[in-house]
Structure formats: structure tokens, C-alpha cells
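Read-outs throughout are calculated quantities, based only on the coordinates presented, and are distinct from any laboratory measurement. Since the model is a prediction, treat every value here as computed from it, not as a measurement. FYI the Cβ positions are ideal-geometry reconstructions off the backbone, even for glycines, and counts take in every protein chain you see.
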Amino acid sequence: MPSADEVKSRIETGIPGAAAEVQTYDEVHFDVVVRADAFQGLSRVKQHRLVMDIFAGELGGAIHALALKTEVPT
Amino acid sequence: MSDNEIRTLIAQAIEENDTILFMKGSPDAPACGFSARTVAMLQQLETPFAAVDILPDPRIRQELSAISSWPTIPQLFHKGELVGGCDIVTEMYENGELGEALGAPKQAGPEAAPAGAAGAQQAAPLGIENRLS
């Protein structure tokens, strides 16, 4: 089971320049907020896909649920 | 029915319905909190939508996710494009973008998203729940 820190560092490695805040109480459900310049000009679906692609194959498995919010830094 | 036929039916349903929600259960009886919440937001905006229950056959979900490259349920589509799942729909509802994006009669927001459950008395405007089973 991934820790919150592990999820955070995988997002920040996967999306250069991203800053992620990750909370989890059980290491299965994660609340994640990601800010990244890379989201600029993308639809929300595309922003979420950038993040979810990092965990492809694990969602529904080791990561039971990822509640995701994406933001473009202001 | 083959996997390919299921995929074709899903693609057709997405194309033929302006607003369509793939969910667990039906709008009257959602089988998951995220689906219930999404239905409640659409009903709050008084926007008509078709609904497809993905539970009767696991291949519906499999083929839907293959089409949309989106892993979770529910999935809301408008004019052939994936709008998002529950998180995105909630965020758009709360900042008032959802009604605009769907061309809904009520634009609602900014306000907290309805919790779901109680708000689901209305029948699905288009009863295609069983089409894919």
C-alpha cells in the first residue's frame, strides 16, 4: 500500500513542476490536490488524466480511490 | 453479445444522447454514493439526461473505460465528450460551470452540491437503462 508521501512524490515526478497535497487515513483512499503549470489550457478531464495516468492499473487495486482536484497556479 | 457489439452500442448511446450518464444503478435507485450525488446535481439543474446502468454486465464498464480512457464510474458525457466523473462534476456544479456546460435551464451554483439519496424520485427522461444488458 502506498503512503501519502509516496503518492505525492510520484505525482511530482510524473508531472514536472507540479505541487501535490495528499491526505490519506488508510493508505487506500487518497484525497489529492495537484497544482501544475502543465494544466494550463487543458480541460479538467485532461488535467485529471495526466494525474490518473501515473497510477494506471493501480486504481481500483492498491489505490482504492483517488479523490482528485486539479488547479492551475495563479 | 460480443465485446465489440457492446462497445458499438455504448459509442452510439454517447453519440445519440446530448447528455448521458453512465452510473451504478438507476437515477431512481443509485447503487453508489458517487452516482447518487451526480444524479442529484443533474436533477437540481433540471437538465434532461439519459442514464445507463453499468452493473448488469461487467463488460459495459470495461468497454466504456476503453472508449473514454477514464477508470471510474460515474462518467458524464455531453455532446459526445467526457465532461468528467463525480469529482469534476461536483467542482463544476459548485462553481456554476456545470449548468452552462450542459446548456441546462437552471444555471445554479455557487452552492454546495446536493448529497444525493433523497433527490432521486424523477424517472430517467430516457429509459435506456436496459439497452446494454
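To two decimal places, what compactness ratio does the protein assembly as shown give when its Cα radius of gyration is scaled by 2.2 N^0.38 Å?
Here the Cα radius of gyration is 1.02 times the empirical estimate.
How big is chain A by Rg and Dmax over its Cα atoms, in Å?
11.4, 34
When you count, for each residue, the other Cβ atoms within 10 Å and take the mean per peptide, how do B:16-29, B:61-74 rank with the highest first?
Output ranking for B:16-29, B:61-74: B:16-29, B:61-74.
Using the Kirkwood formula on the Cα atoms of the stretch B:63-108, what hydrodynamic radius do you get, in angstrom to one decimal?
11.1 Å
Report, in degrees rounded to the nearest 10, the 0 to 90 angle that the Cα long axis of helix A:4-14 makes with the longest principal axis of chain A.
Value to nearest ten degrees: 40.
At 7 Å along Cα-to-Cβ for each site, give me the label-to-label distance between A:Ala19 and B:Gln62 in nm.
Modelled inter-label distance: 4.3 nm.
Arrange A:Met52, B:Met1 by Cβ neighbour counts within 10 Å, fewest through most, would you? The partial results should precede the final answer.
On the way: A:Met52 19, B:Met1 11.
Ordered from fewest to most neighbouring Cβ atoms within 10 Å, A:Met52, B:Met1 come out as B:Met1, A:Met52.
How would B:Lys106, A:Lys8 line up from fewest to most surrounding beta-carbon atoms within 10 angstrom?
B:Lys106, A:Lys8
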